[in-house]
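First comes the structure, then the notes that go with it.
The values are calculated or read from the model by the stated rules, or taken from the named source; none is laboratory data. What you are looking at is a predicted structure, and each value in this text was computed from that prediction instead of being measured. Here the Cβ is made from the backbone with ideal geometry for all residues, glycine too, and neighbour counts use every protein chain on show. For the accessible areas, the whole protein counts, side chains as well, though only heavy atoms, and no ligand, DNA or RNA atoms are used. Shrake-Rupley method; radii C 1.70, N 1.55, O 1.52, S 1.80 Å.
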Amino acid sequence: MALLNILEFPDPRLRKVAEPITEVDDGIRQLCKDMFETMYEAPGIGLAATQVNVHKRLLVCDISEDQSQPLVFINPEIQQFSEAVSSYDEGCLSVPGYFEEVERPDSIVITALDQNGETFQLQIDGLLSTCIQHEIDHLNGKLFVDYLSPIKRKRIRSKLEKQHKKRA
């Protein structure tokens, strides 16, 4: 397994829309393993392939405290959103150090492929629902900062750009 480099806002590659995966093969399964290792090391609870500069419709997540519930979603599609909404203080591995309240549908019904290429469907609510919606946004070129006011988004962008310059 290998740790992958996580792109950080405002990197324009984070805005690229991911392409569907046409075949679930050993390369995709290895990418899943590498993404889990990267996500756990970061540490985080979700990671989209877009965040590691792989523009394929793949995300991994694990909201458990002990990293015992890894989930893989290949070509995920939300079939249904609840009318009820919830707010979570969201953070993002691509926007390190920032947490902001984002309102999203409380529950979803999602279909996807697993690591064996088998289709499955789940009804999900709470934190897992929020995490999956957040990661699917990445696959569509959207970041959680897009839900914030332009002033907050600009402030975060400026601070991260300064941090990037200091590291360079």
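Residues in region 1-22 that are in contact with a Lys or Arg (Cβ under 8 Å, 6 or more places away or on another chain) and over 19 Å from K152 (Cα atoms): M1, L7, A18, E19, P20, I21. The set of residues in region 17-53 being crowded, with 16+ Cβ neighbours inside 10 Å and in a loop (DSSP other than H, G, I, E, B) consists of A18, I21, V24, G44, I45. Residue-level analysis places C131 among those that are under 18 Å from I45 (Cα atoms) and out of contact with any helix residue (DSSP H, G or I) (no Cβ under 9 Å at 6 or more places or on another chain).
Could you tell me whether any residue of region 71-81 is open to solvent by less than 70 Å² (accessible area, probe 1.4 Å) and assigned to a loop (DSSP other than H, G, I, E, B)?
no
For region 115-166, the set of residues classified as under 18 Å from R104 (Cα atoms) and among the β-branched types (V, I, T) consists of I124, T130, I132, I136, V145, listed by residue number.
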